Each structure stands twice: as structure tokens, then as C-alpha cells.
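**Student:** Please find one structure pasted underneath; my questions will follow.
The values are calculated or read from the model by the stated rules, or taken from the named source; none is laboratory data. This one's a predicted model, so the numbers in the text were calculated from it and none came from an experiment. All Cβ positions, glycine included, derive from the backbone under ideal geometry; neighbour counts span all protein chains shown. The protein model used for the area step is the full one, side chains on, heavy atoms only, and it has no ligands, DNA or RNA in it. Shrake-Rupley method; radii C 1.70, N 1.55, O 1.52, S 1.80 Å.
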Amino acid sequence: MDLRPHLIAERHGVRHEILVGDITKLAVDVIVNAPNTSLLGGGGVDGAIHRAAGPELLEECRRLGGCPTGSAKMTKGYRLPAKWVIHTVGPVWRGGTHGEERLLAGCYRTCLDLALRSGIRSVAFPSISTGAYRFPVERASRIAVEVIRAHLDQNPLPESVLVVCFDAATYETYARLLQET
């Protein structure tokens with residue numbers, strides 16, 4: 001198993017890579033959080049980001065009034081190496097008949113659009129909805145790659161996009177998909 005970063009795309013000087021790691025340790029402009037609709041902390045990536053950022057993140061999230069599934073809101077990064085956090089609520093997998101794929105694509109699109117409008121140069125995404133929300137990794141990774149590639153083909157920012165996988169199995173799914181496309 002090769003866990004070195006895999007290049008997804010390099011177009012117009014923009015790099016899109018996948019890697020295994022801890023998203024809270026990355027010194028990028030923005031890390032993406034995958035919280036529940038309250039934005040008030042939880043488990044998985046959301047809990048790790050809240051713990052690393054400190055209590056100030058929770059206080060700012062309280063003022064945001066939540067976030068609907070498929071949308072995104074941005075906060076400061078506080079104690080994180082990242083300057084900002086974009087919070088996007090991924091869909092819970094309910095068999096694929098409740099618009100889950102459309103909602104997941106919306107997560108990636110709204111985050112990338114927000115990054116573009118904010119002049120963000122580097123973004124790190126987790127594998128949204130593939131943990132506790134049980135979205136099949138194969139489908140989720142295909143959606144992520146397609147939406148990110150389409151955005152990068154049409155926009156100058158962000159210049160760098162990372163997909164940070166929590167485990168080797170998710171990474172291997174992304175890596176296999178890249179070899180197929």
C-alpha cells in the first residue's frame with residue numbers, strides 16, 4: 001500500500017492531492033469541517049477540529065445559527081495552523097434515494113465557491129460524510145474528485161486543494177479512483 005500523496009490534478013498551476021493525515025495539523029488557508037447542522041461540535045473530524053481550535057471556535061459557531069445540509073459557513077481558525085475553517089454539513093446516507101449525492105456535491109461546491117469569493121489560496125477537505133454519516137466511500141470520493149476538478153478547471157482559486165483521508169482504506173479508494181479517471 002502506497003500512502004504517499006497522490007496528485008489528482010495539476011491544471012493551470014493548481015494542485016489537487018490526496019493524503020492520509022490529521023487535517024488539524026495542516027498549515028493551509030482553510031480546513032473544511034464536516035459538522036452536524038448545529039455547528040456546535042460533535043465527534044470525528046468535527047470534534048477534532050473543535051478541540052484543536054479551542055473554545056473560541058465554539059463561541060463563534062454559536063453565533064452562526066447552524067447550517068443546512070449541503071451549505072457552508074466560514075469562521076476563524078483560532079488555535080489551528082489554518083487561518084480559517086469552512087463548516088459544511090454533509091448528508092447522512094439513507095440508501096441513496098433522498099438526494100444524498102446532490103447534497104454532497106453541494107458541500108464541495110459551496111466550500112469551493114466560498115473559498116473563491118474569499119480569495120483563499122489553499123483548502124484541505126476531509127472525506128465528507130464517509131464516517132458516522134455512512135456515505136459509501138466509493139461514491140463520495142467520485143463526487144469529491146468530479147466537483148473539485150470541475151471547479152479547478154473553471155476558476156483561478158484556490159491554487160491548492162487537498163483531500164485529507166483519515167485512514168488508509170479511504171485513501172486507497174481515492175487512489176484507485178484516480179487511476180481509473
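**Student:** Give me a comma-separated list of calculated 3J(HN,Hα) values for region 138-153, in order, Karplus coefficients 6.51, -1.76, 1.60 applied at θ = phi - 60°, integers in Hz, x for any Gly or Pro.
**Tutor:** 4, 5, 5, 5, 5, 4, 4, 4, 5, 5, 5, 4, 4, 5, 5, 5
**Student:** What list of ³J(HN,Hα) values in whole Hz, one per residue of region 122-134 in order, does the Karplus curve 6.51 cos²θ - 1.76 cosθ + 1.60 (θ = phi - 60°) give from phi, with Gly and Pro shown as x?
**Tutor:** Going residue by residue, I get 9, 9, 10, 9, x, 7, 5, 6, 8, x, 4, 7, 6 Hz, with x marking Gly and Pro.
**Student:** Tell me the mean residue ellipticity at 222 nm calculated for the chain from its helices only (DSSP H runs of n ≥ 4, each -39500 (n - 2.57), averaged over every residue, nearest 500). Before the final figure, lay out the partial values.
**Tutor:** Working: 5 runs with 69 residues, N = 181.
Helix-only estimate at 222 nm: -12500 deg cm²/dmol.
**Student:** Could you name the aspartates and glutamates in cross-link range of K25, using Cα to Cα under 15 Å and dropping any fewer than eight places away on the same chain?
**Tutor:** Correct list for K25: D46.
**Student:** Want the number for L64 to T37: 0.36 nm per residue separation, take away the alpha-carbon distance, what's left?
**Tutor:** 8.6 nm
**Student:** Under unit Cβ charges (Lys, Arg +1; Asp, Glu -1), what dipole magnitude, rounded to 20 debye, does region 1-144 have relative to its Cα centre? Walk me through the numbers on the way to the answer.
**Tutor:** Details: 19 positive and 13 negative charges, 40 e Å.
The dipole of region 1-144 has a size of about 200 debye.
**Student:** Once amide H atoms are placed 1.01 Å from N in the peptide plane, what residues at a sequence separation of 5 or more from N33, or on another chain, have their amide H within under 5 Å of its amide H?
**Tutor:** The list, which skips near neighbours in sequence, is I86, H87, T88.
**Student:** Tell me, what is the per residue accessible area of the chain in Å², probe radius 1.4 Å?
**Tutor:** 46 Å²
**Student:** Now a separate question. Using θ = phi - 60° and the Karplus relation 6.51 cos²θ - 1.76 cosθ + 1.60, list the HN-Hα couplings for region 70-75 in order, rounded to whole Hz, with x at every Gly or Pro.
**Tutor:** Once θ is set to phi - 60°, the couplings for region 70-75 become x, 9, 8, 9, 10, 10 Hz.
**Student:** Using amide H atoms built 1.01 Å from N in the peptide plane, name the residues 5+ places from H16, or on other chains, whose amide H lies under 5 Å from its own.
**Tutor:** I8, A9, V161
**Student:** Would you please put 37-47, 105-115, 74-84 in order of how densely packed they are, using the mean number of other Cβ atoms within 10 angstrom per residue and starting with the highest?
**Tutor:** So the order, starting with the most tightly packed, is 105-115, 74-84, 37-47.
**Student:** Taking the Cβ of R121 as the center, what net charge do the other residues with Cβ under 14 Å away carry, scoring Lys and Arg +1 and Asp and Glu -1?
**Tutor:** Result for the neighbourhood of R121: +1.
**Student:** Compute the length gained on full extension between V92 and D153: take 0.36 nm times their separation in residues and subtract their Cα-Cα distance, giving the result in nm to one decimal.
**Tutor:** Roughly 19.1 nm would be gained on extension.
**Student:** Quick one: what do you get for the chain if you divide its Cα Rg by 2.2 N^0.38 Å?
**Tutor:** Details: Rg = 14.9 Å, N = 181, 2.2 N^0.38 = 15.9 Å.
Rg over 2.2 N^0.38 Å, computed on Cα atoms: 0.94.
**Student:** Carbon-plus-sulfur fraction of the accessible area of region 34-160, 1.4 Å probe, in percent?
**Tutor:** 52 percent
**Student:** Straight-line reach from K83: which aspartates and glutamates fall under 13 Å, measuring Cα to Cα and dropping same-chain residues less than 8 apart?
**Tutor:** Here the aspartates and glutamates satisfying the reach criterion relative to K83 are D29.
**Student:** Connecting C-alpha atoms closer than 10 Å in a GNM of the chain, tell me which of H16, H87, H151 has the biggest fluctuation.
**Tutor:** Highest fluctuation among the options: H151.
**Student:** OK, next. Peptides 128-139, 52-63: what's the order by average Cβ count within 10 Å, highest mean first?
**Tutor:** Details: 128-139: 19.6, 52-63: 15.9.
Highest mean packing first, the order is 128-139, 52-63.
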